[in-house]
1. Report ³J(HN,Hα) in whole Hz for each residue of the range 54-59, in order, from the Karplus equation J = 6.51 cos²θ - 1.76 cosθ + 1.60 where θ = phi - 60°; Gly and Pro get x.
2. If you put +1 on each Lys and Arg Cβ and -1 on each Asp and Glu Cβ, how big is the dipole of the chain around its Cα centre, in Debye rounded to 20?
3. Taking H placed 1.01 Å from N in the peptide plane, check which residues at least 5 places from residue 183 or on another chain put their amide H under 5 Å from its amide H.
4. Could you tell me how far the Cα centroid of the range 4-76 sits from the Cα centroid of the range 156-170, in Å?
5. List, in order, the whole-Hz ³J(HN,Hα) value for each residue of the range 11-20 obtained from phi through the Karplus relation with A = 6.51, B = -1.76, C = 1.60 and θ = phi - 60°; use x for Gly and Pro.
6. How would you rank 163-176, 29-42, highest first, on the average number of other Cβ atoms within 10 Å across their residues?
7. Could you work out how far apart the two model spin labels at residue 174 and residue 156 are, taking each label as a point 7 Å from the Cα in the direction of the beta carbon, and quote it in nm?
8. Between residue 201 and residue 59, what is the spin-label point distance in nm, taking each point 7 Å from the Cα along the Cα→C-beta axis?
Amino acid sequence: MNKPSRGFFISLDGPDGGGKTTQVVRLADWLRSLGRTVTTCRDPGATPLGERLRAILLERSSIDIGMRSEMLMYMSARAQLVEEVIRPALERGEDVISDRYLLANVVYQGYAGGLPVDDLWLVGRVATGGLMPDLTLVLDLTTELARERVGKARDRMEDRSEEYHRKVRDGFLAAAGCYTAPIRVIDASTDADTVAQRLQTEVAHALALDPRT
């Protein structure tokens, strides 16, 4: 039997409140309607190790986690995610949509958290074995609207200051200009249907221009 061609890897990212989780489901459903096989995952998570680390990273508790330790925990969860879920699915010829990926580390612990951005890219390449998305879609919205949508903070990351979250948004926009893989910034301030349509347009364009075809 012929080996299936490698699948297409998409990540959705951006500030909390942009609707990533909803849009991952909608984008996956749309791709499946086109006859494509799709695997979805969340980062961190989607593996036993990843889910355990996610709980530690996000729970609102008295545990003090330094920014560097936080970064490495995310990287560890991602390494397992790539090895256990993402790479095998791509090698089976499936498309993969991940709710966040390496760009989130670069922004949250780098641009906003103060760690050297170049170091995070380097550690990220090691953690992922160099696997980068074919397309990254950043759902962008103002910090004020993001906080309004999130409402009362529900986890440790959302508890952080307004200034931190402003740096997160600015970091995503800054990274968009120097990311090592194709990235598109999508206005997420509109309704969910409009955002879904814009995401579908970007993905359809990327698939048509896929250099592997």
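1. Once θ is set to phi - 60°, the couplings for the range 54-59 become 4, 4, 5, 5, 9, 5 Hz.
2. Numbers: 28 positive and 31 negative charges, 83 e Å.
Computed charge dipole of the chain: roughly 400 debye.
3. 136
4. The distance from the Cα centre of the range 156-170 to that of the range 4-76 comes to 19 Å.
5. Residue by residue, the range 11-20 yields 10, 10, 9, x, x, 4, x, x, x, 4 Hz.
6. 163-176, 29-42
7. Spacing of the two 7 Å Cα→Cβ label points: 2.4 nm.
8. 4.4 nm
The values are calculated or read from the model by the stated rules, or taken from the named source; none is laboratory data. This structure is a prediction, so every number in the text was calculated from the model and none was measured. FYI the Cβ positions are ideal-geometry reconstructions off the backbone, even for glycines, and counts take in every protein chain you see. Just so you know, the surface numbers come from the protein's heavy atoms only, side chains and all, with ligands and any DNA or RNA stripped out. Shrake-Rupley method; radii C 1.70, N 1.55, O 1.52, S 1.80 Å.
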